[in-house]
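The values are calculated or read from the model by the stated rules, or taken from the named source; none is laboratory data. This one's a predicted model, so the numbers in the text were calculated from it and none came from an experiment. Cβ: placed from backbone, ideal geometry, glycine included. Neighbour counts: every protein chain shown. In case anyone asks, the SASA skips ligands and DNA or RNA and just uses the protein heavy atoms, side chains included. Shrake-Rupley method; radii C 1.70, N 1.55, O 1.52, S 1.80 Å.
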Amino acid sequence: MEYFTIRWPRSRVLNAFRRGPLIRISDRVESIVAIVGILMVIVALPVGAAVGTSVRDAQARVLAEHAATLSEVDALVTAKSKSRSDGPYDVVYATPVRWMSDGIDHNGVAESSSPLRVGDHVPVWLSDSGQVTRGPAPADEAARQGIAAAIVVWASVASVVGCAHWALRSHLDTVRSRVWDDELGSIIDDGSRR
């Protein structure tokens, strides 16, 4: 009969707590730094979430204030739309429009994602000064910016921790190689060979 034993996986992170003649001080230092780095990355999660929440709240306030300054009017298309490219796959159509506000005729240019025909009625957003502007931001814009801020904070911490661990490990590997070379050199040069 053959026995099969399942053992816990051995990780270099746990070398700080193991005892044994083959575990060096540099192994313990490396594992302690790895544990501290892992804890920092875990702690960065709620910090990133808090930053994301504050960014979302601030952006929601700014977007609400901006939306309060806008007004929507119905405009009449007066000429054919002209297309322009804002990017490789993004075409915007600029269309001359006319609308009435406070009994006065106003002219402007409205932007749309599709061409408009003369005589069409389109909604146009106006700023406080009466100029044609973009409409209010989408309802989820503040949430998207908050999520992006949280990801940036967490990824920054994780990157710094990862780079610091890589630099320390690289330095310790160099030190270990130098010690091995010195010990191997002392075995070869001990004068036992004639």
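Observations
- Among the residues listed as Ser54, Ser114, Ser127, the single one being open to solvent by less than 80 Å² (accessible area, probe 1.4 Å), within 31 Å of the chain's Cα centre (by Cα) and under 30 Å from Arg144 (Cα atoms): Ser54
- Where Val153 falls short, out of the listed (1) surrounded by 17 or more Cβ atoms within 10 Å (Cβ to Cβ); (2) within 18 Å of Arg61 (Cα to Cα): (2)
- Some residue of the stretch 94-105 being over 30 Å from Met40 (Cα atoms), under 34 Å from the mean Cα position of the chain (by Cα) and touching a residue at least 24 places away in the same chain (Cβ under 8 Å): no
- Filter result for Trp180 (at pLDDT below 95 and either hydrophobic (A, V, I, L, M, F, W, C) or surrounded by fewer than 10 Cβ atoms within 10 Å (Cβ to Cβ) (or both)): yes
- With respect to (1) polar (S, T, N, Q); (2) surrounded by 15 or more Cβ atoms within 10 Å (Cβ to Cβ); (3) assigned to a strand (DSSP E or B), the lone exception for Gln145 is condition (3).
- Residue within the stretch 74-82 that is modelled with pLDDT of 85 or more and touching a Phe, Trp or Tyr at 6+ places or on another chain (Cβ under 6 Å) present: yes
- Failed item, numbered, when Ile23 is tested on (1) free of Cβ contacts under 8 Å to residues at least 60 places away in the same chain; (2) assigned to a helix (DSSP H, G or I): (2)
- Selection status of Ala79, out of contact with any strand residue (DSSP E or B) (no Cβ under 7 Å at 6 or more places or on another chain) and either surrounded by fewer than 17 Cβ atoms within 10 Å (Cβ to Cβ) or closer than 30 Å to Pro115 by Cα (or both): no
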